[in-house]
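Taking it in order: structure first as structure tokens, then the write-up.
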């Protein structure tokens, strides 16, 4: 057998053992050169594996460098703040809260429902009970700004405000204390989210567990104990 034939035979055997992936299809543009080639199947497979691995790690609370993760996150691949496309930050909190308006206890008076159970998952070990702090913990988590030193959320209003005081986020109510949309507004044993400050100074809010539902309310500026600055 000639050397060329032997090489050809070896390549044939290698091809049978390790079949080549099809060449990527090139997109073309009208009246112009071909667009850049698509990602090869091997690269796509590697990317898909990476996404699965990242998601598995994030859902177990493992921090991936450069990516925000939380053991209580419920977003894509465990990254908080991407569900619903609201993004991150105060505006995301407001948009998320607006999207939850009307969610109510079922059965009525039970402090529970399938949706409220989702809010409860944003807190560490909380059981069925008054859920206004569950709601704000869920909003903060989804917006990429989880409450608590380790993003664990809080089931009690007092714990939210105590943490905010400790980390310098608490804004006591009083002259000159003007909240921003997306900040948390705290009363004695109740908490909500500031939707906007009205022209007359009153505070428009969205609150969980208000008349057993997620509800929009308006309060006098001096009614709250204080605010939690979210950003």
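The values are calculated or read from the model by the stated rules, or taken from the named source; none is laboratory data. Since the model is a prediction, treat every value here as computed from it, not as a measurement. Here the Cβ is made from the backbone with ideal geometry for all residues, glycine too, and neighbour counts use every protein chain on show.
Among the listed residues 203, 116, identify the single one that is within 21 Å of the chain's Cα centre (by Cα) and either within 21 Å of residue 218 (Cα to Cα) or assigned by TED's automatic domain parsing to the domain that holds residue 225 (or both).
The unique qualifying residue is 116.
Taking only pairs six or more apart or across chains, which ones have beta-carbon atoms under 7 Å, a first residue in the stretch 183-211 that is modelled with pLDDT under 95, and a second residue that is surrounded by 22 or more Cβ atoms within 10 Å (Cβ to Cβ) and outside any strand (DSSP E or B)?
none
What about residue 173, is it at pLDDT 95 or above and in contact with a helix residue (DSSP H, G or I) (Cβ under 6 Å, 6 or more places away or on another chain)?
no
Answer yes or no as to whether residue 222 is over 25 Å from residue 108 (Cα atoms), in the same structural domain as residue 93 (by TED's automatic domain parsing) and modelled with pLDDT under 95.
Spelling it out, residue 222 is indeed over 25 Å from residue 108 (Cα atoms), in the same structural domain as residue 93 (by TED's automatic domain parsing) and modelled with pLDDT under 95.
Please verify whether residue 182 is farther than 13 Å from residue 133 by Cβ, in the same structural domain as residue 108 (by TED's automatic domain parsing) and out of contact with any strand residue (DSSP E or B) (no Cβ under 8 Å at 6 or more places or on another chain), treating the condition exactly as stated.
No; evaluated as a whole, the condition is false for this residue.
Can you tell me which residues in the stretch 99-112 are at negative phi and either surrounded by 11 or more Cβ atoms within 10 Å (Cβ to Cβ) or touching a helix residue (DSSP H, G or I) at 6+ places or on another chain (Cβ under 7 Å) (or both)?
Those that are at negative phi and either surrounded by 11 or more Cβ atoms within 10 Å (Cβ to Cβ) or touching a helix residue (DSSP H, G or I) at 6+ places or on another chain (Cβ under 7 Å) (or both): 99, 100, 101, 103, 104, 105, 106, 110, 112.
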